[in-house]
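**Student:** A single structure is presented below for examination.
The values are calculated or read from the model by the stated rules, or taken from the named source; none is laboratory data. Just so it is clear, the model here is predicted, and its values are computed rather than measured. Here the Cβ positions follow ideal geometry from the backbone for every residue, glycine too, while neighbour counts run over all protein chains shown. These accessible areas exclude ligands, DNA and RNA; they are computed on the full protein's heavy atoms, side chains included. Shrake-Rupley method; radii C 1.70, N 1.55, O 1.52, S 1.80 Å.
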Amino acid sequence: MSTEYRDALAKCTALLSLKLCATHLLTVRQRMMESNYKVSEDNAIGDSSFGKVLVGIFQGMLLAWGPKADSVQRMTNIAQNTIENEPMWFAVALMTYLRDPTASVDLLWAYVACRFVHSITYLFELQPFRLFAYVGGLTTTMFMAGNLLRLK
């Protein structure tokens, strides 16, 4: 049994998970820069001196100072798009491994590349490249799913 696909799937999954974690941290960074917190108790954390120290430490860790980037909504949209698309791909990729462990890893890496390009181009508002990356990732998933239907 080939381990190349399994190893590539593990690495691709790790990279996509790290991308989502980074997106969440960037969302927090943006919320701190804009003082645009999701719930009211987050607004009050900086009221105490201890809270101000904690906020300062966290702002330093996230480099949350300087000129403001784009909106919190843009970062939230990237995270939401990730949640809507990547689990479906993972399920198809995992089933591909279970049905055909010798499958090519090229589609795994192509999907991961498309998803990273999509997130970056969304962040920097780079159309039509964002559209190409999204369609590339979706096409890759659909091709892999189609192959699953053909397996006996």
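**Student:** Would you tally the residues in the stretch 133-147 being loosely packed, with under 15 Cβ neighbours inside 10 Å and in contact (Cβ under 8 Å) with a residue 12 or more places away in the chain?
**Tutor:** The qualifying residues number 1.
**Student:** Within the stretch 17-36, is there a residue that is of a type outside the set (Lys, Arg) and either farther than 21 Å from Ser71 by Cα or at pLDDT below 70 (or both)?
**Tutor:** Yes, the conditions are met somewhere in the stretch 17-36.
**Student:** Pairs only if they're at least six apart or on different chains, beta carbon under 7 angstrom, first in the stretch 16-38 and of a type in the set (D, E, K, R), second open to solvent by 50 Å² or more (accessible area, probe 1.4 Å) and modelled with pLDDT of 75 or more; list them, first residue then second.
**Tutor:** Short answer, once both residue conditions are applied: Lys19/Phe116.
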